[in-house]
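I have placed the structure first, in the form of structure tokens, so that the comments after it can refer back to it.
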Amino acid sequence: MKLFNHFLLIAMLFCSFIGSYAQNILPTYSQNDFPTYCWQKVSHFETLPKTKAQTIFIGDSITDGAEWSAIFNDPSIINFGIRGDLSTYG
């Protein structure tokens, strides 16, 4: 029984550590933190028609620099990549 209590205590400590570690606060950015190119791309995306049957690529300059619809020979693919966009946080 003593061994079970120790195991339970260790499991509870581990779960509380993992639970507090998983609560990341994401940074906030102002409009001035991003180049004009980013805002131009976002404005362009907002003008595109919205349909249900599309494949969307989202990402940074690696995504932005490719012609995904030509690569996959699929005109329903839309490239939402933005050069200079942040794909990670922290």
Answer residue from region 11-63, given it is at pLDDT 75 or above and among the aromatic types (Phe, Trp, Tyr) and is nearest to ASN79 (Cα to Cα) among those: PHE57
Residues that are in a helix (DSSP H, G or I) and in contact with an Asp or Glu (Cβ under 9 Å, 6 or more places away or on another chain), drawn from region 36-62: CYS38, LYS41, SER61
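The values are calculated or read from the model by the stated rules, or taken from the named source; none is laboratory data. For clarity, every value in this text was computed on a predicted model and none was experimentally measured. Here the Cβ is made from the backbone with ideal geometry for all residues, glycine too, and neighbour counts use every protein chain on show.
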